[in-house]
Structure formats: structure tokens, C-alpha cells
1. PRE reach from Lys221 (point 7 Å along Cα→Cβ): which of the stretch 85-110 fall under 12 Å by backbone N?
2. Percent antiparallel among DSSP beta bridges with both residues in the stretch 22-265, to the nearest 5?
3. Taking 0.36 nm per intervening residue step and subtracting the Cα-Cα distance, what contour gain separates Glu265 from Asp353 on full extension?
4. Please work out the Cα center distance from the stretch 326-343 to the stretch 31-59, rounded to the nearest Å.
5. Hey, can you grab everything whose amide H is under 5 Å from the amide H of Ile110? Only 5+ residues off in sequence or another chain; H modelled, so Pro and N-termini drop out.
6. Using +1 at the Cβ of each Lys and Arg and -1 at the Cβ of each Asp and Glu in the chain, identify which of Tyr244, Asn183, Ser146 lies farthest towards the dipole's positive end.
7. I'd like to know which of Thr30, Asn79, Pro161 lies farthest towards the positive end of the charge dipole of the stretch 22-265, counting +1 on Cβ of Lys and Arg and -1 on Cβ of Asp and Glu.
8. Tell me which trypsin sites (Lys or Arg not before Pro) from the stretch 275-309 have a DSSP coil assignment and no more than 13 other beta carbons within 10 Å of their own.
Amino acid sequence: MNKLSNIKNTLLLGPGPSTVSPNVYNALSTNTIGHLDPRFIDIMDEIKKMLKVVFKTENDFCVPVSGTGSAAMESCFVNMIEPNDRVLIIQNGYFGLRMENMSQRLGADISLLKFDWGEPVDVDEVEEHLKDNVYDIIAIVHAETSTGVQNSVQQISRFIPDNTIFIVDAVTSLGTIDIQVDNWNIDAIYSCSQKGLSCPPGASPISFSEKALNKMKQRQKMVPNWYLDMTEIIKYWDGSQRVYHHTAPINMMYALYQSLYDVLEEGIDNVIQRHYNSHLLLENGLSELGLELLVKKDARLPSLNAVKIPEGLNDLDVRNKLLNEYHIEIGGGLGPFAGKVWRIGLMGHSARDENINKLLDAFRASL
Ligand SMILES: Cc1ncc(COP(=O)(O)O)c(C=O)c1O
């Protein structure tokens with residue numbers, strides 16, 4: 001008996017996970033083999049190569065972390081930060097707060113450059129701040145899923161000094177908007193599998209530059225977290241003799257492998273363009289319905305659209321109706337925007353015209 005047969009297909013248009021593609025579902029049900037089986041090692045090597053392409057980097061260190069985006073995030077912070085490192089967190093949303101929380105636990109000397117939720121980071125202010133202040137590490141969220149703001153990592157990267165490690169959260173940006181790890185001098189970047197890559201959550205890509213690998217090598221203290229210690233994990237992901245660290249989530253790696261293959265087959269830049277086109281279609285449809293977006297036009301994230309809830313409508317009533325009657329999930333607001341905005345994600349396999357039209361029809365009938 002299938003104990004899960006009551007879980008019907010839902011169109012996932014929230015902040016993540018996105019709808020898993022049929023190809024990825026097939027990959028997930030492939031026979032599980034051993035984590036040191038040479039056939040699996042070949043798949044790992046292919047994953048690393050494909051990650052280089054989607055991250056637009058020559059970094060050899062591109063691996064998926066066994067865990068969700070937060071595990072990938074923690075991998076970057078825990079491997080890069082040593083106690084008393086001067087860390088600047090450029091913060092304008094919920095996931096910037098999480099960066100602060102993680103850095104605190106690692107004994108960093110933290111400074112915050114804060115901007116309002118719903119507003120993009122002011123690049124000139126960052127430039128000014130960095131004229132007078134020196135940091136070992138600077139961290140920023142590229143795509144703030146909490147508000148739908150896109151921060152200009154490209155412009156900010158120009159002000160990061162050569163001897164500072166630049167950490168970028170690409171959880172909602174990988175596979176949805178352009179990321180150029182090498183051109184933007186990013187040293188440690190992390191993402192997830194369940195948004196732009198249309199997999200279930202659980203295999204989250206990261207990439208480290210040579211500078212980041214050197215910082216790791218020069219650590220005075222061990223990485224204070226066994227599971228995410230990349231100096232050990234690399235011995236499983238690289239070299240002619242692979243060393244067991246933990247049992248890789250084999251079928252999740254199959255899923256990631258297939259989804260990366262699909263992204264590269266479509267072409268990473270075409271995938272990004274598809275997300276932008278989907279966003280424009282949604283933006284037009286919402287405006288016809290008289291719905292307004294929270295974020296100003298030039299800072300909008302194609303993959304996450306925060307919509308102001310009109311006066312007199314109840315957030316949960318509408319979301320429940322969409323879910324129960326139309327089998328469509330959208331997200332609610334976070335922090336100061338709880339109950340005030342809906343968050344519509346256009347990510348990965350979900351970012352297609354037919355899905356946006358379904359949502360707009362459901363909105364038309366529900367509002
Ligand atoms: C920008 C950002 N960073 C980090 C995370 C954490 O990822 P996860 O929930 O997969 O652990 C999320 C999750 O939505 C996110 O949107």
C-alpha cells in the first residue's frame with residue numbers, strides 16, 4: 001500500500017521548494033548504489049564539472065553539501081571564519097540575519113551594514129563604508145527571498161579588497177539570475193537544490209576560490225564542526241583515492257546530476273532568460289488585476305515576487321483557497337511583512353508560462 005497516495009501534485013509557486021521536474025523524479029527512483037562505487041564517483045565528477053558551468057567559475061572546488069541551503073551556508077561560514085575574524089554582514093532581510101546568527105556562534109567580530117527590508121543594498125554606501133573599515137570577511141545575500149530584492153553583488157564586488165574573503169548567498173539566485181563567480185571575485189558561494197535547480201531539498205552546491213582554500217589551509221584552529229569540515233569532505237570529493245567521510249545521499253545526487261544536465265542542455269543563459277520572461281508575464285498579469293509589487297522595478301528579483309496584499313483581504317484565506325481549490329502554493333510574508341505580502345516564486349521548472357497563467361486565473365477567481 002502506498003502510504004503517501006493522498007499527497008496530490010501541487011504547483012509550487014512559493015519561496016521554495018519549486019516543482020520537481022519529471023526528469024528529476026525519474027532520476028530519484030534510479031537504483032541506489034554504494035557511495036564508493038566507481039560509477040557513483042563518475043557521477044560526482046560530472047556534478048563538479050557541471051557546477052563550474054552554472055557558477056561560471058574555474059574553481060576546482062565545486063561540491064554539493066549533503067543538506068539544505070542552510071547547511072551550505074553554514075559550510076561557508078564555519079570553514080571561513082576563525083574566532084575574532086572581522087566580519088561585515090551587509091543585511092537587508094531575513095537571511096542576512098541568519099548570517100549574523102551563524103557568525104556569532106563562531107566568535108566572529110561582527111559589524112553590520114543594515115538597509116531597510118524591501119530596499120536593495122545601497123552600493124555607494126557600501127563603497128564609502130569600505131574606505132574606512134577593514135574586514136577579513138564580507139558577506140551578502142544576492143537574492144533576498146524574504147522580500148524579493150536583488151542586491152547588486154556585481155557592483156559591490158568591485159569594492160571588496162584583495163585580501164578580504166567575499167561570501168555570497170546564492171540560494172535563490174543560482175539557476176534563476178546571472179551569477180559570475182570568477183568575474184565578480186566571489187570567494188565562497190552557496191546555494192540549494194530546491195529552487196532554481198528544481199530538485200527536492202538536500203544537496204546544496206558550494207564553491208570556494210583559491211583564496212578561500214588558502215584561508216582554510218592557514219586556519220590556526222580546527223573547523224569547529226565535524227560534518228561540514230571541507231578539509232575532510234574534499235578527500236571524498238577529490239583525488240584518485242576517495243576517502244569515506246559520510247554516506248552521500250546517493251539518490252539526491254542523482255537528482256542534482258540530472259537537473260544540472262537539464263540546465264546545461266537548455267543553456268544556463270537561456271534558463272536565466274526564461275526566468276526573466278516568466279517574471280514579466282507575472283508582473284503584467286498582476287498589474288492587470290490591480291495588484292502591486294513591494295519592490296521597486298530595478299531591484300526586483302525575477303525568481304521571487306513579493307505582492308502587496310490588498311486592503312480587506314486576508315492573507316491566509318487566499319493562500320488556503322489557492323492551495324485547497326487550485327492546488328497552487330504561494331508563500332506568506334516574513335518578519336515585518338508577515339500578513340502584508342504574498343511571496344510568489346518563479347523558480348526552476350515552475351518558471352513556465354502555463355504555470356503563471358494558472359496562478360493568474362486562480363487569483364482572478366479568488367480575489
Ligand atoms: C536566501 C536564502 N538563504 C538561505 C536559505 C536557507 O535554505 P534552506 O531552507 O534550504 O536551509 C534560504 C531558504 O529559503 C534562502 O532563501
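No lab work stands behind these numbers, since they all come straight from the coordinates. Everything numeric here is computed off the predicted structure, so don't read it as measured data. Here Cβ is always computed from backbone atoms with ideal geometry, including for glycine, and neighbour counts include all displayed protein chains.
1. Counting backbone N atoms under 12 Å from the label point, the list is 85, 104-109.
2. 40 percent
3. 29.7 nm
4. Rounded to whole Å, the Cα centres lie 36 Å apart.
5. Val87
6. Of the candidates, Tyr244 comes out farthest on the positive side.
7. The listed residue farthest towards the positive side: Thr30.
8. For trypsin sites (Lys or Arg not before Pro) across the stretch 275-309 that sit outside H, G, I, E and B with at most 13 neighbouring Cβ atoms in 10 Å, the list reads Lys296.
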